[in-house]
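Notes for the one structure printed next.
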Amino acid sequence: MKVAILGSSGAIGAACVSEVNRRYPHAEVHTFSRQNDADYRVDYDDETTLKSAAEATFNGVPFDLVMVTTGVLHLGADIQPEKSLRDLSADKFHAIFAANTIFPALAAKHFLPLLHRDKRSVFAALSARVGSISDNRLGGWYAYRASKAALNMIIKNAAIEIERRHKQAIVVGLHPGTVDSDLSKPFQSNVQQNKLFTPAFSAASLLDVVDRLTLDDSGKCFAWDGQEIPA
């Protein structure tokens, strides 16, 4: 089994690496991050680093699983989730979309062609329940919600395109739940205790979902518990 995990230095990404190694002890696992603790360092603002890393890890052997675990909700005091229209700014949208939409899209560009052509393989990117347009009841969080909704459309598009050449490839979005991480830290006071997950629990749950995916699931988004999230 050959696996790529992009964003391997984050809380969920690191937990996914550990869970993959536990589940599949003989797997060939490649890690990618902006940090130096990964096998390959990729600059999320420089597509050439992503392209080079993908080519370096391929070596003629397709991937069985590619997971993109990157994402941001806030970036310090300057970029926080918007509560109303008056909080919007172009800088916020650029920063949030770069991490949550553009990088996963570019990861799909360079890694989807490296999946198997003749057997089951999966490309999964972390999305979010708040990216569902039909499920939006509270409003707010404009850039984050929009970036995840856009990611879900990219996942749908990619699933349609990849099926033409990789007949058994599955492309999905995954909602990890609210995980105890830097991303959720400022907002954890509003989360029920039993709904705040450890990274290890979330990673194990997501991989359970990945293991159960079928071709009919391609192009969709699923929560940590396997429930489909509406568009």
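Among the strands (runs of 3 or more DSSP E) contained in the range 1-80, which hold 1 or more residues that are of a type in the set (K, R), in contact (Cβ under 8 Å) with a residue 12 or more places away in the chain and touching a Leu at 6+ places or on another chain (Cβ under 9 Å)?
Ranges flagged: 2-6.
Check G76, G60, G7 and return the single one that is under 22 Å from G177 (Cβ atoms), out of contact with any Pro (no Cβ under 8 Å at 6 or more places or on another chain) and not acidic (D, E). None of the others qualify; the one that does is G7.
The conditions of being hydroxyl-bearing (S, T, Y) and surrounded by 18 or more Cβ atoms within 10 Å (Cβ to Cβ) are not met by T48. Residues that are more than 13 Å from the chain's Cα centre (by Cα) and closer than 18 Å to D211 by Cα within the range 119-137 comprise K119, R120, S121, listed in sequence order.
Determine whether F63 is out of contact with any strand residue (DSSP E or B) (no Cβ under 6 Å at 6 or more places or on another chain) and of a type outside the set (G, A, S). Considered against the rule, which asks whether it is out of contact with any strand residue (DSSP E or B) (no Cβ under 6 Å at 6 or more places or on another chain) and of a type outside the set (G, A, S), F63 comes out as no. Checking each residue in the range 142-184 for being of a type in the set (K, R) and crowded, with 24+ Cβ neighbours inside 10 Å picks out only K148.
Given L85, L114, L65, L126, which one is over 18 Å from H175 (Cα atoms), of a type outside the set (D, E, K, R), at pLDDT 95 or above and surrounded by 17 or more Cβ atoms within 10 Å (Cβ to Cβ)? Even if it seems obvious, please write down each step before you answer.
Working: L85 fails: surrounded by 17 or more Cβ atoms within 10 Å (Cβ to Cβ); L65 fails: over 18 Å from H175 (Cα atoms); L126 fails: over 18 Å from H175 (Cα atoms).
Checking each option against the conditions leaves just L114.
Picking from residues in the range 202-231 that are among the β-branched types (V, I, T) and in a helix (DSSP H, G or I), the one that is surrounded by the most Cβ atoms within 10 Å (Cβ to Cβ) is V209. For D39, the requirement of being surrounded by fewer than 17 Cβ atoms within 10 Å (Cβ to Cβ) and in contact with a strand residue (DSSP E or B) (Cβ under 7 Å, 6 or more places away or on another chain) is met.
Does D135 satisfy the criteria of being of a type outside the set (V, I, T), within 15 Å of A223 (Cα to Cα) and modelled with pLDDT under 95?
Values: of a type outside the set (V, I, T): yes; within 15 Å of A223 (Cα to Cα): yes; modelled with pLDDT under 95: yes.
The answer is yes for D135.
The values are calculated or read from the model by the stated rules, or taken from the named source; none is laboratory data. Since the structure is predicted, the reported quantities are computational estimates derived from the model, not experimental observations. Because the Cβ atoms are built from the backbone with ideal geometry, glycine has one as well, and the counts that use them run over all protein chains shown.
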